[in-house]
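Below is one structure, written out as C-alpha cells; the observations come after it.
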Amino acid sequence: MRRYIYLLAGTFAAVIHTGPVSANAVYVSNEKDNTVTVVDSKTMEVTKTIEVGQRPRGITISHDGKHLYVCASDDDTVEIIDTATHEITGTLPSGPDPELFVLSPDGKTLYVANEDDNLVTVIDVDKKSVISEIPVGVEPEGMGISPDGKTMVNTSETTNMAHFIDTSTHEIVANVLVDSRPRFAEFKPDGSQVWISAEIGGTISVIDNASREVVKKITFEIQGLRSEAIQPVGVRITADGKKAYVALGPANRVAVINTETYEVEKYILVGQRVWQLAFTPDGKNLISTNGLSNDITFIDTESDEPIKSVTVGALPWGVTVAPD
Amino acid sequence: MTDAAGTFAGSPSEKWKGFTPIQYLVCLKGILQREWLRYLSQKERFVSSLVRPLLWLFIFAAGFRQVLGVSIIPPYETYVLYEVYITPGLCGMILLFSGMQSSLSMVYDREMGNMRILLVSPFPRWYLLVAKLLAGVAVSLLQVYAFLAIAWFWDVKAPVVGYLLILPALFFSGLMLGALGMLLSSLVKQLENFAGIMNFVIFPMYFASSALYPLWRVQEASPLLYQICLLNPFTYAVELIRFAFYGRIEWTSLIVVLAVTLALLGGAILAYNPARGLTVRKQDMGGNQ
C-alpha cells in the first residue's frame, strides 16, 4: 500500500514540478503584417501589438532590456523600440535590406547582415553610426558572435560559407565551406564551437572555433517526411551547452540534439514552417516562430514537450525574450 | 443467496424484497466473477479487442499523419500528431465494441438458457441487469488500459495524471455504450441477427463522430454529416474522454452521456424479456406455447 502512496505522490510531484516560471516579455517580428507581437512568457498570452516598419525580420533586445532592435528589411533600417512605451524612438543606419543581426556581448556594437549588398555593417549602438562595412560572400544572412566577443561569424547563403571575422580588426580571418544555403550561426556558450545550419543542404555543420574546421555534420531524418522538407534554420544551444535545438522549417519540427554525441534525441512537433528560436532567460522554455501557421510554440526544455501554441501576427519570423 | 434472504422474518413477499446492501454486493461480486472468468477463458476476445484499435493506431493513423495534420482545438494547446488525436476515439471504440459484445453474449446466454438461471435469482431484475452492465464495463476498462499501455510505447502519451482522470470518463462512456448494447440485445431476437448491429450501429456510430476527425473538419466537408455527428451520443463519449486526458471536464458531454445512459438503461430494463429468443424459437419449431 505504501508503495502506491509513494507512486501517487510522485505523480503529483511531477505535475507540480513544472511550476513557476518568471514572466518575461517575448517579442515576435511578423514579416507580413509589419508588426511586433508582445507575448507574456508566463501566461503565454498576447499582451500588445506594435506597428513597425516594413518586413520586420531580425529582432533582438539590448542587454538591459530597455531597447528592442528590429530589422525593417524593406525600409532599409534597424528600428529602435523603447520597451517601456512600445514606441519607436529611433533608427540605426543598417544599410540596405538588413535581415539578421547580432549584438556584441558588451551590448555596444551591432553586426548587421545586408543581404543585397554582400556586406556586414558594424554599427555603434550608442552613437547610432556605422563603424565599418565588411565585404563578405553573396547574400549574407546568419550572424553569430563568440561569448568573449572576439570572433563574429557570418554565413553567406549563396557562397555557402561561414566567414570568421575578427571583431577588433573587422577583417575576415577564415572562410569555412558548409552545405547549401547556410542560414544561421550559433556559438556554444563556452565558445569552443560554432553551429551552422544549412537550409537546402539539410544539415548542421559543427565548426571548431580553434582549428576553424568542420568537425561534424549532423543530418536529420523524420519518418514519413521527404528529406527536402527538412530545412534547418534557427539554432539555439542551452546555457549549459548540453543540448542544441534546431528549427527544421517546413518539417514543422524542432530537433533536440545532444551536443556531446551529436545525436538527434527528439523531434518536437510545432506549427508550420518553424523559423527562429529563443530561450526564456531562466532557460526553462524555448519559443519557436511558426511562419505559415502564424503562431509561436512554447516548448518545455526539461521534458522537451510542446506546451502551448499562441497565435501572433502574419508570418512570424524572429523572436527575442526580455532579460530578467 | 436465498439462504441469506431466508433469515428475514415475515410474509413470503417481504422475504424476497428485503436484502441488505451486503447481499446486493455478494450478488454483484458473483456476476463480476462470472464475467471475469468468461473473459479469461476467451483469450481471442482479449487479443482482438487490442488488435482492432492498435491497427487503427499503427496503420491508419500513421498513414494519415501527413495528410490530415490536426489544427489546435480544445483541449489541445499546441499541435498534436494524428495518433494523439485519435487515441481518445480508439478508447471509445474499445468501449463501443465491448458494449456490443456483452450484448451479444446476453443474446447467447438467452438462447442457451443461462440467462434464465441468472434471472431466477431473487434480486430485482433491474439490479441484475445493472450488475451485468457493470461487469461488462469493468472488463472493457481493462481493455482500454491495456491499449493505452501499448500506445505509450508507440510514443502516444498524455499527461500522466490524465490516465487517472479518464477513469470516470471511461466508466460513464462504457456504461452508456453497455446500456445501448443491452437495449439492442432485448430487441434482437436471435444471435444470427447480430451482424446487423455491426453494420447499423457500430460502424455508423464510430464513423459519424469526432473519433477520427475534428468536427470542424467534418463541417467543412458536409454540414449534414456535422449535424448527424452532433446527434450521435458516441461523439460526446469521445469528447468526454479526450478532455479528461488533459484534466478538463466537458460539461455538455458529461450531461449528454449521463442522460443517454439513464434513458437507454431505463429502456433496456423495461424492454428486457429473458424468454424472448427462446419463445420465438419454440414457436418456430412448432411448439405449442
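Give me B:100, A:152 ranked fewest to most by other Cβ atoms within 10 Å of their Cβ, as a rough exposure proxy.
So the residues, fewest neighbours to most, are B:100, A:152.
Given a Förster distance of 35 angstrom, what is the FRET efficiency for residue A:303 paired with residue B:62, based on the Cβ-Cβ distance and rounded to 0.05?
0.90
What does the average come to when, for each residue of peptide A:267-275, you count the partner chain Cβ atoms lying within 10 Å of its Cβ?
2
If the reach is capped at under 18 angstrom between alpha carbons, list the aspartates and glutamates near residue A:242, excluding any in the same chain fewer than eight residues apart.
The reachable aspartates and glutamates, counting only those whose Cα sits under 18 Å from residue A:242, are A:186, A:190, A:208, A:260, A:263, A:265, A:282, A:300, A:302, A:304, A:305.
Okay, helix-only estimate at 222 nm for the protein assembly as shown: each DSSP H run of n ≥ 4 adds -39500 (n - 2.57), divide by all residues, round to 500 deg cm²/dmol; what do you get?
-12000 deg cm²/dmol
When only C-alpha pairs under 8 Å and at least 6 residues apart count, what is the relative contact order of chain A, in percent?
12 percent
Only Cα pairs under 8 Å and at least 6 apart count here; give the relative contact order of region A:198-237 as a rounded whole percent.
45 percent
Collect residues whose amide H, placed 1.01 Å from N in the peptide plane, falls under 5 Å from the amide H of residue A:266; neighbours closer than 5 in sequence don't count.
Correct list: A:256.
Would you please give the residues with an amide H less than 5 Å from that of residue A:273, counting only those at least 5 places away or on a separate chain, with H modeled from the backbone geometry?
The answer is A:252, A:292.
Grab the Cα-Cα distance for residue A:311 and residue A:261, subtract it from 0.36 nm times how many residues apart they are, and report the gain in nm with one decimal.
Separation in residues times 0.36 nm, less the Cα-Cα distance, equals 14.5 nm.
Counting only other chains, and only Cβ atoms inside 10 Å, what mean value do you get across the residues of B:77-89?
Taking all residues of B:77-89 together, the mean is 3.
So, by mean Cβ neighbours within 10 angstrom, what's the order for B:258-268, B:180-190 with the highest one leading?
Averaged packing, sorted descending, gives the order B:180-190, B:258-268.
Using a basic spin-label model with each label point 7 Å from the Cα along Cα→Cβ, how many nm lie between residue A:175 and residue A:150?
It is 2.4 nm.
Output the 0 to 90 degree angle, nearest 10, between the alpha-carbon long axis of helix A:2-17 and the longest principal axis computed from the alpha carbons of chain A.
It is inclined by approximately 30 degrees.
Could you name the lysines whose alpha carbon sits less than 22 Å from that of residue B:132, not counting residues in the same chain fewer than 8 places away?
B:17, B:29, B:43, B:189
Calculate, in nm to one decimal, what residue B:227 and residue B:40 gain on full extension: separation in residues at 0.36 nm each, minus their alpha carbon distance.
63.3 nm
Can you pull the percent of Cα pairs in region B:19-274 with separation above 28 Å?
It works out to 33 percent of all Cα pairs.
Which of B:154, B:56 has the fewest other C-beta atoms within 10 Å, and how do the rest follow up to the most?
Sorted ascending by nearby Cβ count, the order is B:154, B:56.
By average Cβ neighbour count within 10 Å, what is the ranking of A:297-304, A:74-81 from highest down?
Packing proxy ranking, top to bottom: A:74-81, A:297-304.
How large is the dipole of the protein assembly as shown about the Cα centre if only Lys and Arg carry +1 and Asp and Glu carry -1, each at its Cβ, rounded to the nearest 20 debye?
Once rounded to the nearest 20, the dipole reads 4780 debye.
Could you state the principal axis extents of the C-alpha atoms in region B:64-163, from the largest down, to the nearest angstrom?
Ordered largest first, region B:64-163 gives principal extents of 55, 27, 24 Å.
Work out the FRET efficiency for residue A:64 and residue B:167 from their Cβ-Cβ distance, taking R0 = 45 Å, and round it to the nearest 0.05.
Rounded to the nearest 0.05, the efficiency is 0.30.
Given a cut-off of 19 Å, what percent of all Cα-Cα pairs of region A:211-324 lie beyond it?
Beyond 19 Å sits 42 percent of the P(r) for region A:211-324.
Averaged over B:27-40, how many beta carbons belonging to a partner chain fall within 10 Å of each residue's beta carbon?
The per-residue average across the peptide is 0.
State the volume of the convex hull built on the alpha-carbon positions of the protein assembly as shown, expressed per residue in Å³ and rounded to an integer.
About 183 Å³ per residue, rounded to a whole number.
From Cα pairs below 8 angstrom and at least 6 apart in sequence, can you work out the relative contact order of region A:143-257, rounded to a whole percent?
This gives 17 percent for region A:143-257.
Would you mind computing Rg(Cα) / (2.2 N^0.38 Å) for region A:189-274, counting N as its residues?
1.04
Taken together, the values in this text are just the output of simple stated rules run on the coordinates, not laboratory data. Predicted, not measured: the structure shown is a model, and the values here were computed from it. When we count neighbours, we look across all protein chains shown, and the Cβ atoms used for this are built from the backbone with ideal geometry, even at glycine.
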